[in-house]
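Okay, structure first, notes after.
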Amino acid sequence: MENAVLLLKNVNVIDVITGKITYSHLLIQNGYITRIFSAHKQIGNIHKKAVIYDLKRKYVIPGLIDMHVHMKKDYAPIFTAAGVTTVRNTGGNVGELENLIHANDGAPTPRVISSDRIIDGPPGLWGENSPWNINVNDEQSAGAEVRRQVEAGADFIKVYGWLSKEIMEVVVDEAKKHQREVSCDLIHSVDVTATDAAKMGIKWNEHASGILKDLFPEWTMQANEDVWKDIDWENPDEKKIRDVCKVLVEYNVVLCPTMVLYDQANLMRNYWYSEEKIMDKIKENSVLMQHWRRFIENTSSLSILGMQHTFNKAISKAYFDLGGLVVAGTDTPAGIFTFPGMALHRELELFVKNGLSEIDAIRTATINAADALNRQDIGVIQEGTIADMVVLEKNPLKDIRCTKEIHSIIKGGTVYTQDELLEKVPVEENIKKSVEEFMNSFLDTNYKSG
């Protein structure tokens, strides 16, 4: 429900900075929080035009931020229904997501901060050049692609692991000229380690990738069976991990471990699932379900990713303990059953299982994520910030699983129930038409030529 002025009465506000809970009233005007005051005081005639919501001591946290997704229009409202009000799109096409990127703050879809197509090296993990990836092996093409992406409106640049070290450096240098940060996925790299990337000036490390390459120089995802067997996958050397992490901390790298991706791959057919109405809506998306079912049949590729889950968690905890900036992300819809929106709640659960407190886990998807994005207007509940909030039935500081028990979602000052947001999910026929129109537009602009 969209209103210019809202008054949220009698709500327990969780301050993600201090970790304290205050019983408060919140006044929201034109999509922003304009006043927070004690609910123990009389309201009086605070604003004659305010629409009042008595939340009866429910709990409220900032809107959640998923820092690693691959967004599509067909499941965008599902993220919001799960309380995810902002996403960082780490590889896609800004043209395809134009309507989402430029939607108003109160829209029923998440705020989208996006890269454009992934810059990889030949032959390309995802195949030939497409609207979503490009393979380059010379400096001129690399620089030209960065400039094209900047002009197209990319917020940051994403590089992939088959890009050579020399060309990756060219991408980073060109991105710096245009005030764009660079994000790296080094899972499949044979040439670049995490510390190499950090020293180049790459700010974002996705999946805690490239660290295994630092630890085991002979290892790659393509290594022979003997190399894999030489690694004790269940007992990471914590000292060696800390030594690598110290270098990344020194270079102020932001680590997005996407533990849920590795964990689901490890669990394979026993993958995590949670019984919520959102899950029923996700199952209606035949494209997503077919995508995951194909992956789950490919047990060999899942097993080599899943066996890394213990290292992934050890790296995440070491980086956090060293004071590095760790943020929550899911890689939705990659891998198997990384459910839109809901996978982020699982990621928070994994952080707690990994030794973080509930408030620290919530911070990875709120204030820490906002800090990494240099956004002071989201990720917290403070006067002057955008009114993105999730109203919860129970206290998530007692049990992190309570983040899934959602009463309502407030996005840019607009109040939604989960049912209202799930009704916004487009039908598949409209999505297919939209994809066809985008593909035709992409070909017309001749991006494919690189």
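Observations
- Part-to-part distance (alpha-carbon centres) for the stretch 74-139 and the stretch 209-223, which is given in Å: 27 Å
- Scalar couplings 3J(HN,Hα) for the stretch 156-172, obtained by applying the Karplus form with A = 6.51, B = -1.76, C = 1.60 to θ = phi - 60°, are 7, 10, 10, 10, 10, x, 8, 6, 5, 4, 5, 6, 4, 4, 5, 4, 4 Hz; x denotes Gly and Pro.
- Highest average packing first - 98-107, 249-258, Cβ atoms within 10 Å: 249-258, 98-107
- Restricting the stretch 1-41 to trypsin sites (Lys or Arg not before Pro) in coil, as DSSP defines it, with at most 14 other Cβ within 10 Å: Lys20, Lys41
- Packing, taken as the mean count of other beta carbons within 10 Å per residue, orders the peptides 182-191, 216-225, 87-96 from highest to lowest as 87-96, 182-191, 216-225.
- Amide hydrogen proximity for Lys203: with H placed 1.01 Å from N in the peptide plane, the residues at 5 or more positions away or on another chain lying under 5 Å are Val182.
- Ranking Ser38, Ser408, Ser441 from most to least accessible surface, computed with a 1.4 Å probe over the protein chains only, gives Ser441, Ser38, Ser408.
- Rounded to whole Hz, the Karplus (6.51, -1.76, 1.60) HN-Hα couplings of the stretch 298-306, x for glycine and proline: 8, 5, 5, 5, 5, 5, 6, 7, x
- The H on the amide N of Leu325, modeled in the peptide plane, is under 5 Å from the matching H of Leu255, each at least 5 residues off or on a different chain.
- Carbon + sulfur, % of accessible area of the chain - ligands and nucleic acids excluded, 1.4 Å: 47 percent
- Near Lys213: Cβ cut-off under 13 Å, other residues only, Lys/Arg at +1 and Asp/Glu at -1. The net charge is -3.
- Taken one residue at a time, the phi angles of the stretch 229-236 give Karplus couplings (6.51, -1.76, 1.60, θ = phi - 60°) of 5, 6, 9, 7, 6, 9, 9, x Hz. Gly and Pro are set to x.
- Computed over protein heavy atoms with a 1.4 Å probe, the accessible surface of the stretch 285-334 works out to 37 Å² per residue.
- Across Lys246/Lys353; Lys165/Lys313; Lys203/Lys283; Lys165/Lys239; Lys41/Lys281; Lys158/Lys317, pairs whose alpha-carbon gap is larger than 32 Å: Lys203/Lys283; Lys41/Lys281
- Expected 222 nm ellipticity per residue - DSSP helices of 4 or more, -39500 (n - 2.57), all of the chain, to 500: -10000 deg cm²/dmol
- Sites Trp132 and Val51 - FRET efficiency at Förster radius 35 Å, r taken between beta-carbons, to 0.05: 0.25
The values are calculated or read from the model by the stated rules, or taken from the named source; none is laboratory data. Keep in mind that what you see is a predicted model, and the values were worked out from it rather than measured. Cβ sites come from the backbone with ideal geometry, for glycine too, and all protein chains shown count toward neighbours. Surface areas here come from the heavy atoms of the whole protein model, side chains and all, with no ligands, DNA or RNA. Shrake-Rupley method; radii C 1.70, N 1.55, O 1.52, S 1.80 Å.
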